[in-house]
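*Asks:* Submitted below is the structure of interest, expressed as structure tokens.
The values are calculated or read from the model by the stated rules, or taken from the named source; none is laboratory data. All values reported here derive from a predicted model rather than from experimental measurement. FYI the Cβ positions are ideal-geometry reconstructions off the backbone, even for glycines, and counts take in every protein chain you see. Ligands, DNA and RNA are excluded from the accessible area calculation, which covers all protein heavy atoms including side chains. Shrake-Rupley method; radii C 1.70, N 1.55, O 1.52, S 1.80 Å.
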Amino acid sequence: GGLIAGPIRRDHLFFLFGYQGTRIRTAPPQTTSYAPTQAVLNGDFSQLESAACQSNGKARSIQNPSAGQPFANAYVSPSLFNPQALALLKYVPLSTDPCGKMVYGIPNPEDEDQYIGRVDWNLSAKHIFFGRYFLTDLRNPPVFQQNLLLTTRGGVDQRSQSVVLGETYSLSPTTLNTVHATFTRLAIHRGPAADDISPVSVGVNMFNDAKNFTSMSVSGYFSFGCGTCAPAEYVTNTTQAADDVDLIRGRHHISIGANYIHNQENVLNVFNGNGTFTFNGQSTSDGLLDFMLGLTSSFTQGMPAVSNLRQNYLGAYAQDDLQLTSRLHAHFGLRWEPFLPAADKFDRMDHFDPAAFAQGKHTSVYTNAPPGLFFVGDPG
């Protein structure tokens, strides 16, 4: 639903303001995963590995990686199970399906509010001013509800704002000047629910950047988190100023203008800061059993992605629309736009030069860096 209000007139002053809001609640049961059954927690994998539960219709034999032979009767002693894996499974609902199948819905609540206001002010017959402010709030919170299967959708809290100021001044019947100033800000906060858990919180001995994020995949069964579910902040600020002059001189319509933009991009993304675990069944032939024994097929961890980029844009133009005859016009123009590269506010940038690597050249900034790798402060 929404509400639009305005306009309001006051002599030469004109106001307009409005609001619109939306509320969406969906949780269709269209997500399918395969979770442990009570029998599996008791060590009995016989039903799970039976032909009835395999997509190819053939029973699967699970291997004991320590003994180098199959587990007899598809039974695995619970004493072999990894305690951290069992701690994670406390946040995974048990399946009542013999093959572990679960079909469920992931709540997806979304609220959005939009506000807009504008003012036009006719200062005189020659002088006009206007201003506009626009605000959008989008809230799409993540859900946990003590269930890791619901964490495969990241949440978003996003605010977008823009302010525009403009002035038009008629210097003469043949000369018009227009000035615009704009500021926009987009702030995106993305990530998991505040009460979500991390590998450290269930006893994994490792470093975690965030206390509420787990990224894990068990092939053929389930996953926790996602690539865009990690805690992240993206804030972009853009300031712009432009001036345009229009001149009518006989048959010439001459336009001259310049445009300046300063852009800030601030990024903090945990991404692999908590590590990404994969269990693909390479040790036992069953991804779930690999997970329950704590046997990863791959593990990736890295520092958060951090940047504070700054970039300037500059453009200028001159144009002439010439009326040669009543049926023929000629247009001439020239535009100048130099490329000004972005730079990190804290000089967190580097450059690798293969030729310098081959020549064994080193940076003078970090003496222990490998050859060919250069940083801010090096020549060039």
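*Asks:* Under 8 Å by Cβ, and 6 or more places apart or on different chains, what pairs join a residue from the stretch 246-257 that is in contact (Cβ under 8 Å) with a residue 24 or more places away in the chain and among the basic types (Lys, Arg) with one that is part of a strand (DSSP E or B) and open to solvent by 50 Å² or more (accessible area, probe 1.4 Å)?
*Replies:* Here the result reads Arg251/Gln323; Arg251/Leu324, each pair linking the stretch 246-257 to a residue that is part of a strand (DSSP E or B) and open to solvent by 50 Å² or more (accessible area, probe 1.4 Å).
*Asks:* Anything in the stretch 320-340 that is under 30 Å from Thr236 (Cα atoms) and either assigned to a strand (DSSP E or B) or open to solvent by less than 90 Å² (accessible area, probe 1.4 Å) (or both)? List them, or say none.
*Replies:* Listed by number, the residues that qualify are Arg335, Trp336, Pro338, Leu340.
This table checks each residue for (1) open to solvent by less than 60 Å² (accessible area, probe 1.4 Å); (2) touching a helix residue (DSSP H, G or I) at 6+ places or on another chain (Cβ under 6 Å); (3) touching a residue at least 12 places away in the same chain (Cβ under 8 Å); (4) not hydroxyl-bearing (Ser, Thr, Tyr).
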| position | (1), (2), (3), (4) |
| --- | --- |
| Ile24 | no, no, yes, yes |
| Ala39 | yes, no, no, yes |
| Gln63 | yes, no, yes, yes |
| Ser66 | no, no, no, no |
| Gln84 | yes, yes, yes, yes |
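One line per residue, one yes/no per condition, for (1) open to solvent by less than 60 Å² (accessible area, probe 1.4 Å); (2) not in a strand (DSSP E or B):
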residue	(1), (2)
Ser285	yes, yes
Leu295	yes, yes
Phe299	no, no
Arg310	yes, no
Gly315	yes, no
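*Asks:* Return the residues of the stretch 215-260 that are farther than 30 Å from Asp290 by Cβ, buried (at least 16 other Cβ atoms within 10 Å of the Cβ), among the polar types (S, T, N, Q) and over 24 Å from the mean Cα position of the chain (by Cα); say none if nothing qualifies.
*Replies:* Gln240, Asn259
*Asks:* Turning to a different aspect of this structure: Of the residues in the stretch 266-283, how many are open to solvent by 60 Å² or more (accessible area, probe 1.4 Å) and in contact with a Pro (Cβ under 8 Å, 6 or more places away or on another chain)?
*Replies:* Here the count works out to 2.
*Asks:* Restricting to the stretch 183-211, and then to whatever is without any contact (Cβ under 8 Å) to a residue 24 or more places away in the chain and of a type in the set (S, T, N, Q), can you tell me which residue is surrounded by the fewest Cβ atoms within 10 Å (Cβ to Cβ)?
*Replies:* Asn205
*Asks:* May I ask you to list the residues in the stretch 117-145 that are touching a residue at least 40 places away in the same chain (Cβ under 8 Å), open to solvent by 20 Å² or more (accessible area, probe 1.4 Å) and touching an Asp or Glu at 6+ places or on another chain (Cβ under 8 Å)?
*Replies:* Once the filter is applied, which keeps residues that are touching a residue at least 40 places away in the same chain (Cβ under 8 Å), open to solvent by 20 Å² or more (accessible area, probe 1.4 Å) and touching an Asp or Glu at 6+ places or on another chain (Cβ under 8 Å), the stretch 117-145 yields His127, Ile128, Pro141, Pro142.
*Asks:* Can I ask one more? So the check is Cβ under 6 Å with 6+ separation or different chains; which pairs have a first residue in the stretch 165-181 that's touching a residue at least 60 places away in the same chain (Cβ under 8 Å) and a second one that's of a type in the set (Ser, Thr, Tyr)?
*Replies:* Within 6 Å, the pairs are Leu176/Ser170; Asn177/Tyr169; Thr178/Thr168.
*Asks:* Just to be sure before I move on: is Asp347 of a type in the set (Asp, Glu), more than 30 Å from Ser219 (Cα to Cα) and part of a loop (DSSP other than H, G, I, E, B) in the structure I sent?
*Replies:* yes
*Asks:* Now, a different point. Can you report the number of residues in the stretch 352-380 which are at negative phi, free of Cβ contacts under 8 Å to residues at least 24 places away in the same chain and in contact with a strand residue (DSSP E or B) (Cβ under 7 Å, 6 or more places away or on another chain)?
*Replies:* Number satisfying all stated conditions: 7.
Table: residues versus (1) over 30 Å from Val179 (Cβ atoms); (2) in contact with a strand residue (DSSP E or B) (Cβ under 6 Å, 6 or more places away or on another chain); (3) of a type in the set (Gly, Ala, Ser).
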{"position": "Ser61", "(1), (2), (3)": "yes, yes, yes"}
{"position": "Leu94", "(1), (2), (3)": "yes, no, no"}
{"position": "Tyr104", "(1), (2), (3)": "yes, yes, no"}
{"position": "His127", "(1), (2), (3)": "no, yes, no"}
{"position": "Arg139", "(1), (2), (3)": "yes, yes, no"}
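*Asks:* Could you tell me whether any residue of the stretch 349-356 is farther than 22 Å from Thr239 by Cβ, open to solvent by 50 Å² or more (accessible area, probe 1.4 Å), more than 30 Å from the chain's Cα centre (by Cα) and not charged (D, E, K, R)?
*Replies:* Within the stretch 349-356, one or more residues are farther than 22 Å from Thr239 by Cβ, open to solvent by 50 Å² or more (accessible area, probe 1.4 Å), more than 30 Å from the chain's Cα centre (by Cα) and not charged (D, E, K, R).
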